[in-house]
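Working notes for the structure below.
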Amino acid sequence: MKGNARKGRRDPLRDKTFGFACEVVTVYKEIISCHKEFVLSRQFLKTGTAPGALIREAEYAQSKLDFISKLSIALKEANECSYWIDLLKFGGFISENASSHLTNANNEIIYLLIASIKTSKTNNQK
């Protein structure tokens, strides 16, 4: 699972988190530009980009337990991001359509993280 072992292989979790982070950056820029909202949007930016960074960090984890820990933190960040998406929708900073799209994309990441953590824990017991 570390670094070079992944070269040449597609990694759906890595790809999805990077794509989601790019969308988060785009939405964040729109919110601060159009709505001049800087508090909720900043939290959304931080939690929406963190899972991808943590997954990249996990690629060079020092141990299997470190790998699991980093994925678990990524899961917490993704879960928190759902909260900020809901608040941004409630506050009228993003549309129902944008909220639905972001929520669905974030949920996919959450499900992949849960599956990866479970698999890693199972493999660590062997």
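Of the numbered criteria (1) in contact (Cβ under 8 Å) with a residue 12 or more places away in the chain; (2) closer than 17 Å to His101 by Cα; (3) surrounded by fewer than 15 Cβ atoms within 10 Å (Cβ to Cβ), the one Phe20 fails is (3). Within region 59-84, if we keep just the residues that are without any contact (Cβ under 8 Å) to a residue 24 or more places away in the chain and touching a Leu at 6+ places or on another chain (Cβ under 9 Å), the residue that is surrounded by the most Cβ atoms within 10 Å (Cβ to Cβ) turns out to be Lys70. Pick from region 105-123 the residues that are over 15 Å from Pro12 (Cβ atoms) and exposed (fewer than 13 other Cβ atoms within 10 Å of the Cβ): which of them is modelled with the highest pLDDT? Filtering first and then ranking leaves Lys118.
The values are calculated or read from the model by the stated rules, or taken from the named source; none is laboratory data. All values reported here derive from a predicted model rather than from experimental measurement. Cβ coordinates were reconstructed from backbone atoms using ideal geometry, including for glycine residues, and neighbour counts include every protein chain displayed.
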